[in-house]
Amino acid sequence: MRLSHLLGACSLAAAMVAAATAHAQNRPEFVQAGRTSIAIHKPASGPAPHIAILVTHRTANNLNNIACREMASRGFLGVCFNTRFVNNEAAVKSEEIMLDVKAAFDYAKSQPGITKVSRLGHSGGSPVMSLYQAVAENGIAYCRTPERLTTCDFDVPALTPADGLIYPDAHPGNPAQGVRGINPSLVVENRKIRVIPELDPFSPANGYNPKGPSKYSKEFQTRYYAAQSKVMTDQLNHVLGAKARMAKGEYLYPDDDVVLVPFSDQEGSAGLMLMDPSIPEFIRTKSPRKLIKNDGSIVTEIVHSAAVPELNQQKANREFDNGTKLLTFTSYLSANATRSTNSLDGIEDCSSNTSTICNVQSIKAPTLIAAMGGWRFIRDQERMYELSPATDKDYIVIEGAEHNYTPCKPCEKTPGQYGNSVKNLFDYMAKWANERFPK
């Protein structure tokens, strides 16, 4: 996601908070539960809440997340918490985050009047929440299957399943995001970059447009997706080989090492969908689906994202700060790598516990999936909906919403065209939860 969009989203979110102060408290209560920091957002008035909404992210600071504020203003208890790996991607061991989710869940469940708890998995929070729920519903064996790159290799206490799952703009998983962001045309040789012209996504000869929407041919896309997979597979094999030598005492270190993943980080992603917003596998639904229009009405149709191309990726992709990930073997294998044959539809989702796509296939709790109509996870989230075995499941797209729920200003053809995206999303989420969990 572009930093400029994030900053814009934060500014708009701040304005929305100011407008909502009559309904939700502006001073959350902070508590510590083990290694988990929690911010409790309560309604400022009205009946005491009976439904708690848990919100977190793998590494981002979520204590003031907009979801907790918006749901508190609608009568819910918003429980936003940080994991033990906040602001520390290199230290992440995804499976251990279940312990932090448990701490926040148990705290929320213990609050007076709370009878139901739902988990909200947005973006990097979606693999976190879905893994916890999959293990809670199916037992610890779920995260110890042989095909996983890493497993739950510690004592996992009994986990209580959530009453419901809400996925607003969940992504398929960090490993899937990682392989899709790789620029396979860049090779580092003797501390210099060599470009493979036939794979360069920033070459006009391959369809790149630096001033507007790019248009990559199907043939180029096929080559590119396979090449992305090969880059990750080669690095994955290198790390696994080093781990094997480590286990034999034949490696430099006995425990861990550093992995540099260049030209692929989220800000500097070389994912083709960022430059070419016409690629259907990312930006439109396969079947007619519900769409909340800006005026609050709901229509059913093939939904197309309103996302516009990102024009700064060529520069950001080459930068260390924006285009490169500095990880450890542990965080790479646990949260950033996957087996695959191509990055589009050849990802072996269940090779990683950090896969929302894999985890939702084992979750039967009531599930709401809400895609943002100004972003690029529309089809991924539709797949989650299709694969979910839940008998009570819902899928809807919020017109013109960016990844962080706020209106996609660059997508608008007229000012304010998508101005109600936040209200529409959280009104729908509140209605969905209240209908399933009446007091």
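Laid out as a table, the results:
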read-out: Condition broken by Lys439, with the remaining ones in (1) among the charged types (D, E, K, R); (2) in a loop (DSSP other than H, G, I, E, B); (3) out of contact with any strand residue (DSSP E or B) (no Cβ under 9 Å at 6 or more places or on another chain) satisfied; value: (3)
read-out: Options Ile378, Ile398: the member that is under 21 Å from Arg74 (Cβ atoms), in contact (Cβ under 8 Å) with a residue 40 or more places away in the chain and either open to solvent by 10 Å² or more (accessible area, probe 1.4 Å) or touching a strand residue (DSSP E or B) at 6+ places or on another chain (Cβ under 8 Å) (or both); value: Ile398
read-out: Some residue of the range 303-323 being among the polar types (S, T, N, Q), within 13 Å of Val259 (Cα to Cα), under 21 Å from the mean Cα position of the chain (by Cα) and open to solvent by 10 Å² or more (accessible area, probe 1.4 Å); value: no
read-out: In the range 108-122, residue nearest to Tyr167 (Cα to Cα) [restricted to those that are in contact (Cβ under 8 Å) with a residue 12 or more places away in the chain and surrounded by fewer than 22 Cβ atoms within 10 Å (Cβ to Cβ)]; value: Lys116
read-out: Residue within the range 176-189 that is under 30 Å from Pro389 (Cβ atoms), touching a residue at least 60 places away in the same chain (Cβ under 8 Å), touching a Lys or Arg at 6+ places or on another chain (Cβ under 7 Å) and open to solvent by 20 Å² or more (accessible area, probe 1.4 Å) present; value: no
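So that you can scan it fast, the table gives a plain yes or no per residue for (1) among the small types (Gly, Ala, Ser); (2) open to solvent by less than 10 Å² (accessible area, probe 1.4 Å); (3) closer than 25 Å to Asn87 by Cβ:
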| residue | (1), (2), (3) |
| --- | --- |
| Thr330 | no, no, yes |
| Cys350 | no, no, no |
| Asn353 | no, yes, yes |
| Arg383 | no, no, no |
| Glu386 | no, no, no |
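Residues are listed down the side, and each one gets a yes or a no for (1) open to solvent by 10 Å² or more (accessible area, probe 1.4 Å); (2) in contact (Cβ under 8 Å) with a residue 40 or more places away in the chain:
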{"site": "Val55", "(1), (2)": "no, yes"}
{"site": "Thr59", "(1), (2)": "yes, yes"}
{"site": "Ile66", "(1), (2)": "yes, yes"}
{"site": "Glu70", "(1), (2)": "yes, yes"}
{"site": "Asn87", "(1), (2)": "yes, no"}
{"site": "Glu96", "(1), (2)": "yes, yes"}
{"site": "Ala104", "(1), (2)": "no, yes"}
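So that you can scan it fast, the table gives a plain yes or no per residue for (1) among the charged types (D, E, K, R); (2) at pLDDT below 95; (3) touching an Asp or Glu at 6+ places or on another chain (Cβ under 8 Å); (4) farther than 25 Å from Leu327 by Cβ:
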| site | (1), (2), (3), (4) |
| --- | --- |
| Leu186 | no, no, no, no |
| Arg194 | yes, no, no, no |
| Pro197 | no, no, no, yes |
| Ala205 | no, no, no, yes |
| Asn209 | no, no, no, yes |
| Gln221 | no, no, no, yes |
| Tyr224 | no, no, no, no |
| Gln228 | no, no, no, no |
| Gln235 | no, no, no, no |
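The values are calculated or read from the model by the stated rules, or taken from the named source; none is laboratory data. What you are looking at is a predicted structure, and each value in this text was computed from that prediction instead of being measured. A quick note on method: Cβ atoms are made from the backbone with ideal geometry, for glycine too, and the neighbour counts reach across all protein chains shown. Surface areas here come from the heavy atoms of the whole protein model, side chains and all, with no ligands, DNA or RNA. Shrake-Rupley method; radii C 1.70, N 1.55, O 1.52, S 1.80 Å.
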